[in-house]
Amino acid sequence: MEINAMQAVQWIEKANEKFQENREYLTSLDRPIGDGDHGLNMSRGFKEAVKKLKAGNYSTPSDVFKDVAMTLISKVGGASGPLFGTAFLKMSVATAGQQVLNETAFVKGLEAALDGIKQRGKATTGEKTMVDVWQPVVAWLKDNGFATASLLVEAEKAMNTTKDMTATKGRAAYFKEKSAGHIDAGATSSYYLFAALAEVLGGK
Amino acid sequence: MEINAMQAVQWIEKANEKFQENREYLTSLDRPIGDGDHGLNMSRGFKEAVKKLKAGNYSTPSDVFKDVAMTLISKVGGASGPLFGTAFLKMSVATAGQQVLNETAFVKGLEAALDGIKQRGKATTGEKTMVDVWQPVVAWLKDNGFATASLLVEAEKAMNTTKDMTATKGRAAYFKEKSAGHIDAGATSSYYLFAALAEVLGGK
Amino acid sequence: MTYVGVVLISHSSKIAEGVKELIRQVVKDVPLEIAGGTEENEIGTSINKIQAAINKADQGKGVLLFYDLGSAKMNAEMAIEMSGLENVRLIEAPIVEGAYVAAVEAGMGKDLDDVAKRVKESF
Amino acid sequence: MTYVGVVLISHSSKIAEGVKELIRQVVKDVPLEIAGGTEENEIGTSINKIQAAINKADQGKGVLLFYDLGSAKMNAEMAIEMSGLENVRLIEAPIVEGAYVAAVEAGMGKDLDDVAKRVKESF
Ligand SMILES: Nc1ncnc2c1ncn2[C@@H]1O[C@H](COP(=O)(O)OP(=O)(O)O)[C@@H](O)[C@H]1O
Ligand SMILES: Nc1ncnc2c1ncn2[C@@H]1O[C@H](COP(=O)(O)OP(=O)(O)O)[C@@H](O)[C@H]1O
Ligand SMILES: [Mg+2]
Ligand SMILES: [Mg+2]
Ligand SMILES: [Mg+2]
Ligand SMILES: [Mg+2]
């Protein structure tokens with residue numbers, strides 16, 4: 001597996017398609033234990049990111065990630081803005097200068113992204129957030145490489161673990177015990193993001 | 001000294017004149033260590049009170065005080081509304097049913113008013129509030145009767161004691177040590193209120 | 001289903017409205033009434049507005065009142081006394097952050113004591 | 001004379017504006033900037049607005065930032081990092097009550113540490 005700037009752009013485009021398609025669903029996840037804007041936030045952010053990428057000319061994935069980061073940071077408006085924004089920013093820094101990322105380099109980028117999310121959100125696993133998808137998925141990728149079908153399965157499994165958790169971070173934390181029984185919205189968008197990656201890498 | 005309903009109305013009318021005349025001055029006292037609305041609050045409240053009294057027909061001071069109370073409570077808008085409102089309400093209750101108040105009865109009413117202010121504001125003397133005028137003046141009246149010229153002197157003296165105090169109640173308390181050096185606005189309106197009483201009782 | 005009501009008392013009607021819109025994104029059913037500004041909509045508070053807000057917010061499960069600055073507190077206390085209602089309680093907690101917690105808790109069907117307790121625990 | 005600046009970050013532009021009008025009655029000179037709502041003025045926060053507010057509020061004596069809910073905090077932290085400025089500090093204190101205290105203290109000419117300390121002591 002290798003990833004170049006064009007594929008990085010395709011990744012974001014695929015992710016955008018998913019966020020547009022699942023806008024209502026993501027919002028419906030954010031409604032019972034949040035403020036019901038996650039679908040709107042993600043679809044707005046990624047739409048703007050794609051628009052930005054269309055206008056650009058990229059020679060490294062790092063440059064792609066940087067523009068995605070800046071767009072998400074300024075356009076999303078909710079918690080997922082600084083979180084996904086930080087993720088892409090860290091990925092950009094960690095992969096700077098490389099025209100093509102091999103598995104090791106890309107995993108390094110994803111690890112940096114994960115660290116960025118955890119730092120920004122002061123969160124760890126088990127808190128019913130996107131970290132509960134990022135952490136196991138990145139660990140799995142590191143151990144197993146980019147086998148795209150399995151990546152999808154892992155990401156989905158991770159997303160579903162958030163259902164029974166009690167939130168201790170983000171708006172859902174206000175609902176305490178009552179937050180259990182709902183899949184976390186940000187974990188779900190993170191799943192879509194990895195699903196989009198699997199599709200791009202799998203050549204779909 | 002005796003006071004009937006007509007004199008009670010005159011008291012409020014005289015007080016209103018003072019609040020209209022000194023509106024800017026009162027506001028200027030509230031500006032450096034407050035929000036600069038005390039003159040506006042008092043002049044609005046008493047103007048409405050006088051309007052209300054003009055429309056009414058009163059056989060006891062108690063009824064006059066009650067309408068004044070209700071008007072101040074709903075029209076003033078700042079801390080002085082519930083404080084002066086409570087004062088007149090307690091005065092009304094304490095003197096209920098009496099067509100003419102003799103010294104003892106009126107002092108009882110004023111004591112009730114003072115207690116009401118202290119309770120409402122959870123304040124005592126030395127906190128740089130209207131209590132620092134009410135408490136010594138009521139005590140003085142109780143001991144000395146309604147000698148109107150001296151009443152004026154006592155009230156003014158009491159008002160001036162607030163200058164060096166550090167506020168521990170009301171908005172001025174936010175300014176802590178810096179609140180010293182300014183006469184308290186509510187203490188000054190209380191002085192005008194007693195000055196108006198002295199004038200009515202003194203036949204001016 | 002009935003809920004504990006929340007009343008937002010602020011010197012500024014903008015603050016009261018803003019807190020309401022913030023909460024309404026998250027909590028739809030809890031009665032949430034505002035008493036912002038004076039009768040003339042200037043900066044200050046109005047007992048009449050507070051009384052009206054209490055009455056509208058009361059579904060029989062009680063009402064929790066939040067205020068911003070000291071003088072609003074005195075007006076709120078008077079309004080409570082004059083309402084003659086039981087179960088109307090003024091709470092010492094930040095108006096934005098506290099009312100948000102209260103509304104979420106009330107939306108879970110908690111009673112007045114529990115809602116007030118949760119708010120208190122949060123600060 | 002220069003002052004410590006205050007920035008009000010709220011999900012709701014009404015809250016930010018309301019707090020500003022409440023403070024402006026009392027404190028005239030202290031720089032007081034608001035960052036309320038998203039770029040589209042919906043409920044949320046905007047890093048760009050926060051950055052602009054920080055820059056406007058900074059007279060060289062530092063800036064204290066208040067926020068309402070958690071996600072505003074993350075945006076505020078990013079804005080501070082990106083500003084590269086020293087003496088820009090996010091504070092954990094109620095946005096309405098805390099900013100009021102901060103503005104009064106800043107108005108007395110206190111420095112950033114003292115203002116922050118006074119705010120912390122008040123809650
Ligand atoms: N402190 C945090 N750390 C990690 N993830 C968080 C944190 N706070 C929120 N999230 C994630 O963000 C998602 C909510 O995003 P969004 O709805 O866009 O933001 P907001 O809560 O501001 O409306 C949550 O579902 C959760 O996955
Ligand atoms: N807790 C209190 N107890 C007694 N008097 C108080 C209290 N708070 C304020 N005051 C009085 O009220 C006056 C301010 O009234 P006003 O300016 O009308 O109200 P606000 O402070 O709400 O703008 C002060 O000068 C002081 O005398
Ligand atoms: Mg949300
Ligand atoms: Mg949101
Ligand atoms: Mg005032
Ligand atoms: Mg006022």
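Could you tell me whether segment B:38-52 includes any residue that is of a type outside the set (D, E, K, R), away from ligand 2 (no atom under 14 Å from the Cβ), over 19 Å from residue C:37 (Cβ atoms) and away from chain C (no Cβ under 11 Å)?
In the first step, residues of segment B:38-52 are kept if they are of a type outside the set (D, E, K, R); the result is B:38-43, B:45-46, B:49-50.
Narrowing the set further to residues that are away from ligand 2 (no atom under 14 Å from the Cβ) leaves B:49-50.
In the following step, the residues that additionally are over 19 Å from residue C:37 (Cβ atoms) were identified as B:49-50.
Narrowing further to those that are away from chain C (no Cβ under 11 Å): B:49-50.
Yes: segment B:38-52 contains one or more residues that are of a type outside the set (D, E, K, R), away from ligand 2 (no atom under 14 Å from the Cβ), over 19 Å from residue C:37 (Cβ atoms) and away from chain C (no Cβ under 11 Å).
Among the candidates C:39, C:77, C:105, which residue alone is in contact with a Ser or Thr (Cβ under 7 Å, 6 or more places away or on another chain), of a type outside the set (Phe, Trp, Tyr) and within 14 Å of another protein chain (Cβ to nearest Cβ)?
Details: C:77 fails: in contact with a Ser or Thr (Cβ under 7 Å, 6 or more places away or on another chain); C:105 fails: in contact with a Ser or Thr (Cβ under 7 Å, 6 or more places away or on another chain).
Going through C:39, C:77, C:105 in turn, the sole match is C:39.
With within 16 Å of ligand 3 (Cβ to nearest atom) and in contact with a Ser or Thr (Cβ under 8 Å, 6 or more places away or on another chain) as the only criterion, which of A:78, A:109, A:97, A:34 stands out?
On the way: A:109 fails: within 16 Å of ligand 3 (Cβ to nearest atom); A:97 fails: within 16 Å of ligand 3 (Cβ to nearest atom); A:34 fails: in contact with a Ser or Thr (Cβ under 8 Å, 6 or more places away or on another chain).
Being within 16 Å of ligand 3 (Cβ to nearest atom) and in contact with a Ser or Thr (Cβ under 8 Å, 6 or more places away or on another chain) holds for just one of A:78, A:109, A:97, A:34, which is A:78.
For the condition part of a loop (DSSP other than H, G, I, E, B), free of Cβ contacts under 8 Å to residues at least 24 places away in the same chain and within 14 Å of chain D (Cβ to nearest Cβ), what is the one hit in B:203, B:181?
Working: B:203 fails: within 14 Å of chain D (Cβ to nearest Cβ).
From the options B:203, B:181, the qualifying one is B:181.
May I ask you to say which residue of D:77, D:81, D:40 is away from ligand 5 (no atom under 16 Å from the Cβ), charged (D, E, K, R) and within 14 Å of the chain's Cα centre (by Cα)? Talk me through it step by step, then tell me what you get.
Details: D:81 fails: within 14 Å of the chain's Cα centre (by Cα); D:40 fails: within 14 Å of the chain's Cα centre (by Cα).
Answer to the check: D:77.
If you take the residues in segment A:115-141 that are more than 19 Å from residue D:72 (Cα to Cα) and polar (S, T, N, Q), which one is farthest from ligand 5 (Cβ to nearest atom)?
Going through the qualifying residues, I end up with A:135.
Got a number for residues in segment A:148-173 being in contact (Cβ under 8 Å) with a residue 40 or more places away in the chain and among the hydroxyl-bearing types (Ser, Thr, Tyr)?
Within segment A:148-173, residues that are in contact (Cβ under 8 Å) with a residue 40 or more places away in the chain and among the hydroxyl-bearing types (Ser, Thr, Tyr) number 2.
Answer yes if at least one residue in segment A:48-71 is in contact with a Pro (Cβ under 9 Å, 6 or more places away or on another chain), touching a residue at least 24 places away in the same chain (Cβ under 8 Å), surrounded by 24 or more Cβ atoms within 10 Å (Cβ to Cβ) and not in a strand (DSSP E or B), and no otherwise.
Kept after step one, since they are in contact with a Pro (Cβ under 9 Å, 6 or more places away or on another chain), are these residues of segment A:48-71: none.
The answer is no, given that none of the residues of segment A:48-71 is in contact with a Pro (Cβ under 9 Å, 6 or more places away or on another chain), touching a residue at least 24 places away in the same chain (Cβ under 8 Å), surrounded by 24 or more Cβ atoms within 10 Å (Cβ to Cβ) and not in a strand (DSSP E or B).
Residue A:33 is checked against (1) within 18 Å of residue A:184 (Cα to Cα); (2) in a helix (DSSP H, G or I) and fails just one. What number does that condition carry?
(2)
Residues checked against (1) under 17 Å from residue D:93 (Cβ atoms); (2) among the polar types (S, T, N, Q); (3) surrounded by fewer than 21 Cβ atoms within 10 Å (Cβ to Cβ):
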position	(1), (2), (3)
D:16	yes, no, no
D:26	no, no, no
D:30	yes, no, no
D:41	no, yes, yes
D:46	no, yes, no
D:52	no, no, yes
D:55	no, yes, yes
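Looking at segment A:83-98, which of its residues are outside any helix (DSSP H, G or I) and either under 13 Å from the mean Cα position of the chain (by Cα) or loosely packed, with under 14 Cβ neighbours inside 10 Å (or both)?
From segment A:83-98, those outside any helix (DSSP H, G or I) are A:95-98; that's our starting set.
Hit for segment A:83-98 is A:97, nothing else.
Looking at residue C:28, is it over 14 Å from the mean Cα position of the chain (by Cα) and more than 9 Å from chain B (Cβ to nearest Cβ)?
Details: over 14 Å from the mean Cα position of the chain (by Cα): yes; more than 9 Å from chain B (Cβ to nearest Cβ): yes.
Against the criterion (over 14 Å from the mean Cα position of the chain (by Cα) and more than 9 Å from chain B (Cβ to nearest Cβ)), residue C:28 qualifies.
Evaluate the following for residue A:19: is it more than 14 Å from chain D (Cβ to nearest Cβ), in contact (Cβ under 8 Å) with a residue 60 or more places away in the chain and under 21 Å from residue D:45 (Cβ atoms)? Let's see the steps before the verdict.
Details: more than 14 Å from chain D (Cβ to nearest Cβ): yes; in contact (Cβ under 8 Å) with a residue 60 or more places away in the chain: yes; under 21 Å from residue D:45 (Cβ atoms): yes.
Answer is yes for this residue.
Name the single residue, out of those in segment A:129-174 being outside any helix (DSSP H, G or I), farther than 20 Å from residue D:75 by Cα and not aromatic (Phe, Trp, Tyr), that is nearest to the other protein chains (Cβ to nearest Cβ). Explain how you work it out, then say what you get.
Of the residues in segment A:129-174, the ones outside any helix (DSSP H, G or I) are A:129-130, A:145-147, A:162-170.
From what's left, farther than 20 Å from residue D:75 by Cα: A:145-147, A:162-167.
After this cut, where a residue has to be not aromatic (Phe, Trp, Tyr) as well, the list is A:145, A:147, A:162-167.
Values: A:145: 32, A:147: 33, A:162: 18, A:163: 19, A:164: 18, A:165: 17, A:166: 14, A:167: 11 Å.
That would be A:167.
So residue D:66 fits all but one of (1) crowded, with 24+ Cβ neighbours inside 10 Å; (2) within 16 Å of ligand 3 (Cβ to nearest atom); what number is the exception?
(2)
Could you please find all residues in segment B:122-134 being of a type outside the set (Val, Ile, Thr) and surrounded by fewer than 20 Cβ atoms within 10 Å (Cβ to Cβ)?
B:122, B:126, listed by residue number.
So is residue B:31 within 14 Å of chain D (Cβ to nearest Cβ), of a type in the set (Lys, Arg) and either surrounded by fewer than 21 Cβ atoms within 10 Å (Cβ to Cβ) or within 16 Å of ligand 2 (Cβ to nearest atom) (or both) or not? Talk me through it step by step, then tell me what you get.
Working: within 14 Å of chain D (Cβ to nearest Cβ): yes; of a type in the set (Lys, Arg): yes; either surrounded by fewer than 21 Cβ atoms within 10 Å (Cβ to Cβ) or within 16 Å of ligand 2 (Cβ to nearest atom) (or both): yes.
Considered against the rule, which asks whether it is within 14 Å of chain D (Cβ to nearest Cβ), of a type in the set (Lys, Arg) and either surrounded by fewer than 21 Cβ atoms within 10 Å (Cβ to Cβ) or within 16 Å of ligand 2 (Cβ to nearest atom) (or both), residue B:31 comes out as yes.
All of the numbers you see were taken from the coordinates with simple rules; none came from a lab. This structure is a prediction, so every number in the text was calculated from the model and none was measured. Neighbour counts run over all protein chains shown; Cβ positions are idealised from the backbone, glycine included.
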